[in-house]
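Engineer: Mind having a look at this structure? Questions to follow.
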Amino acid sequence: MRELTYFVAVSIDGFIAGPEGEFDFFDGAGDHMAVVGERFRGTVPTALAEMAGVPAEGGPFDTVVMGWNTYAVGLPMLPSPYNHLRQVVFTSRTPEPVEGVEFTDRDPVEVVRELKTEQGKGIWLCGGGALAAALADEVDRLVLKVNPVVLGRGIPLFGDRGFAPTALTRTSTTAFNSGVVLAEYARAA
């Protein structure tokens, strides 16, 4: 069965973006980028990977799921941000069709459970916080690129999930000179 991995940049105080969706304070350069880029190949938008000469193919994922706000970050310039992956965007809007992007207003849990039964590589939950809250019980692996910044407020890692303790097991931690820490967890058995 395929796994759902929530791989996301986060501040030390647990925010994936600022109050208005800002994310420019997350370090896009430094000694962590080569390792993150190799281990999680394909998690850079296709056009940006091509411009940087970074391969997008051959990574651990063949499907990406995201909420509307995460998807909309690239609009209008990148209407199909990860066209090297199957893209599923959860939204209550009725957007214009975009080649290579599946828009759905279905229950995210049902959709992810269906995706998990299909053949293929891993499924990447790219954001946002509200979708992560809805899918929290479906997340098999949590990979955090913890950035050395405190935001104070913003969009929480798991949105407004409420009090719901969930045990995870640390599988790997790598600290970089840039101050970024790559922390990986798996659902506790």
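The values are calculated or read from the model by the stated rules, or taken from the named source; none is laboratory data. For clarity, every value in this text was computed on a predicted model and none was experimentally measured. For neighbour counting, all protein chains shown are included, and Cβ atoms are generated from backbone atoms with ideal geometry for every residue, glycine included. Note: areas computed on protein heavy atoms with side chains; ligands, DNA, RNA excluded. Shrake-Rupley method; radii C 1.70, N 1.55, O 1.52, S 1.80 Å.
Engineer: Of 148, 186, 78, whose Cα points farthest to the positive end of the dipole of the chain (charges on the beta-carbon: +1 Lys, Arg; -1 Asp, Glu; origin at the Cα centre)?
Structural biologist: The listed residue farthest towards the positive side: 186.
Engineer: For the range 94-189, what is the charge dipole size about the Cα centre, in debye to the nearest 20, if Lys and Arg each add +1 at the Cβ and Asp and Glu each add -1 at the Cβ?
Structural biologist: Taking the Cα centre of the range 94-189 as origin, the dipole is about 620 debye.
Engineer: Along the range 99-104, what does the Karplus equation 6.51 cos²θ - 1.76 cosθ + 1.60 (θ = phi - 60°) give for ³J(HN,Hα), rounded to whole Hz, x for Gly and Pro?
Structural biologist: Residue by residue, the range 99-104 yields 4, x, 10, 9, 9, 8 Hz.
Engineer: If you don't mind, another one. Compute the distance from the alpha-carbon center of the range 12-32 to that of the range 115-143, in whole Å.
Structural biologist: After rounding, the separation between the Cα centres reads 20 Å.
Engineer: Give, as ranges by residue number, the residues of the range 106-135 whose backbone N falls under 15 Å from the point 7 Å along Cα→Cβ of residue 73.
Structural biologist: Residues passing the 15 Å test: 124-132.
Engineer: Give the residue from 52, 171, 139 lying farthest towards the positive end of the charge dipole for the chain; charges sit on Cβ (+1 for Lys and Arg, -1 for Asp and Glu) and the dipole is referred to the Cα centre.
Structural biologist: 171
Engineer: Here's something else I'd like to know. Residue 7's amide H: which non-local residues (gap 5+, or another chain) put their own amide H closer than 5 Å, with H modeled 1.01 Å from N in plane and none for Pro or chain starts?
Structural biologist: 125, 143
Engineer: Taking θ = phi - 60°, what integer Hz values does the Karplus form 6.51 cos²θ - 1.76 cosθ + 1.60 yield along the range 141-155, in sequence order, with x for Gly and Pro?
Structural biologist: Karplus values, whole Hz, x for Gly and Pro: 9, 10, 10, 10, 9, 7, 9, x, 8, 10, 9, x, 7, x, 8.
Engineer: Measure off, as a whole percent, the carbon and sulfur share of the 1.4 Å-probe accessible area of the chain, all protein chains present.
Structural biologist: Of the solvent-accessible surface of the chain, carbon and sulfur hold 54 percent.
Engineer: Treat every Asp and Glu Cβ in the chain as -1 and every Lys and Arg Cβ as +1, leave all other atoms uncharged, and give the resulting dipole magnitude about the Cα centre to the nearest 20 debye.
Structural biologist: 440 debye
Engineer: Antiparallel versus total DSSP beta bridges in the chain: what percent is that, nearest 5?
Structural biologist: Roughly 40 percent of the beta bridges in the chain run antiparallel, per DSSP.
Engineer: Compute the accessible area per residue over the range 94-189, keeping the other protein chains in place, probe 1.4 Å, unit Å².
Structural biologist: Dividing the accessible area of the range 94-189 by its residue count gives 56 Å².
Engineer: Tell me which residues come under 5 Å, amide H to amide H, from residue 149 once H is placed; ignore anything under 5 positions away on its chain.
Structural biologist: 12
Engineer: Highest mean first, what order results for 125-132, 63-70, 154-161 on Cβ atoms within 10 Å?
Structural biologist: Averaged packing, sorted descending, gives the order 125-132, 63-70, 154-161.
Engineer: While we're on this one: Per DSSP H run of n ≥ 4, the term is -39500 (n - 2.57); total these for the chain, divide by its residue number, and report the mean residue ellipticity at 222 nm rounded to 500 deg cm²/dmol.
Structural biologist: It lands at -5000 deg cm²/dmol.
Engineer: Is the range 1-65 best put as rounded, prolate or oblate by its Cα gyration tensor, with a ≥ b ≥ c the root eigenvalues, rounded for a/c under 1.5, and otherwise prolate when a/b is larger than b/c, oblate when not?
Structural biologist: Because a/c hits 1.5 or more and a/b fails to exceed b/c, the range 1-65 counts as oblate.
Engineer: Okay, next question. Enumerate the whole-percent occupancy of each 5 Å bin, from 0 to the last occupied one, for all C-alpha pair distances of the chain.
Structural biologist: Bins of 5 Å from zero give 1, 8, 16, 21, 23, 18, 9, 3, 0 percent of pairs.
Engineer: Which length gain, in nm to one decimal place, applies between residue 1 and residue 110 when the Cα-Cα distance is subtracted from 0.36 nm times their residue separation?
Structural biologist: 37.7 nm
Engineer: Using modelled amide H (1.01 Å from N, peptide plane; none on Pro or chain starts), what sits under 5 Å from the amide H of residue 86, excluding residues fewer than 5 places away?
Structural biologist: 63, 64
Engineer: For the range 35-49, what does the Karplus curve 6.51 cos²θ - 1.76 cosθ + 1.60, with θ = phi - 60°, yield as ³J(HN,Hα) per residue in whole Hz, taken in order and with x for Gly and Pro?
Structural biologist: After applying 6.51 cos²θ - 1.76 cosθ + 1.60, I find 5, 4, x, 7, 5, 10, 3, x, 9, 9, x, 3, 5, 5, 4 Hz.
Engineer: A follow-up question, please. Towards the positive end of the charge dipole of the range 98-142, with charges on Cβ (+1 Lys, Arg; -1 Asp, Glu), say which of 112, 98, 122 has the farthest Cα.
Structural biologist: The one lying farthest along the dipole's positive direction is 122.
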